[in-house]
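Heads up: the structure comes next, in structure tokens.
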């Protein structure tokens, strides 16, 4: 008989497994660096296009971590690595899991290049660039300009031609392979040099075989966000839905079908324990928090007015989220001035006295995590998405 799973039960399990229902226990250094890596692994990476958002995502899942602890885990202890992860976007990933991630991400089907013939890299040129990047960054930490010089010296002038449209001009051709180099384990981010981004090579990373890595990534995705469909997995990775359907079909007895609110969905084989109790609580999730991006079906999480207010063109992550019980219930924004952090929360419906007290506690935790003093205002958030 097929197991039936309710939205409430799935949501409750996801919260628990993401350390939102019960934050990871506080530890003293150096254990806290290991705790933060474990938390990042449970989330399947913390989105770090804006590093401060990733810092807050991790801290809010831990009983006492601060942004300084995340930075120490990243740049001192080395338990976290900043690199290109799911969807080709910057993430903080557990360093110990890089063989899995590079194996899986490098095995994903390549999308169609947006660059015209004569500009886009051939397969051979891509391989040459990745090899050059790996060699140049072995034991080194280089800015983008320095890496360009090193890549051109190892490949040829064609790699340095300014052909790739960028924010304020054009980037050299080799940068088409930047994400690919990261996915193959040849590149990750180093600490900034002043205001300049740097790159380095992660030490000792050998990508796992693609098929095994993809199977394990599906298992971990289903553990964190299941029940889920191939289509939601495809959206999370930004790959073809048909390819994801084929991948799920190839896993046989390693995944198990369930009925999720009347629809077919999957969990990892044997991972069928759900607590049917009601979800209760208030949470604040920062920009591009993994929970808001990867939890499907989106119409359940962003129900009613939340669909219009908390999504930007149907895309999750552009607004920080107020989560109440089992659905998004508003948006929020923070503005910092010295140690003072002004937090404005816009609920989509009035909060009870109990909910308000819980929200005040969540706001205090934001202040602690960011090493400041947070002050709550309940009212309209007047800034736009990703402000």
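Kindly list the number of the only condition in (1) closer than 23 Å to residue 43 by Cα; (2) at pLDDT 95 or above that fails for residue 315.
Unmet condition: (2).
Considering only residues that are at positive phi, touching a strand residue (DSSP E or B) at 6+ places or on another chain (Cβ under 8 Å) and at pLDDT 95 or above, which ones fall in the range 1-51?
45
Just to check your reading of the model, which residue among 194, 185, 204 is out of contact with any strand residue (DSSP E or B) (no Cβ under 8 Å at 6 or more places or on another chain) and within 12 Å of residue 84 (Cβ to Cβ)?
So the residue among 194, 185, 204 that is out of contact with any strand residue (DSSP E or B) (no Cβ under 8 Å at 6 or more places or on another chain) and within 12 Å of residue 84 (Cβ to Cβ) is 185.
Which pairs do you get when a residue that is modelled with pLDDT of 95 or more, found in the range 114-132, comes within reach of a residue that is assigned to a loop (DSSP other than H, G, I, E, B), reach meaning Cβ atoms under 7 angstrom, with the pair 6+ apart or on two chains?
129/121; 130/184; 130/186
Could we say that residue 354 is in contact (Cβ under 8 Å) with a residue 24 or more places away in the chain and part of a helix (DSSP H, G or I) here?
It is false that residue 354 is in contact (Cβ under 8 Å) with a residue 24 or more places away in the chain and part of a helix (DSSP H, G or I).
Restricting to the range 62-73, what's the tally of residues that are without any contact (Cβ under 8 Å) to a residue 60 or more places away in the chain and more than 15 Å from residue 94 (Cα to Cα)?
2
The values are calculated or read from the model by the stated rules, or taken from the named source; none is laboratory data. None of these values were measured; they are calculated from a predicted model. As a convention, Cβ positions derive from the backbone with ideal geometry for all residues, glycine included, and neighbour counts pool all protein chains shown.
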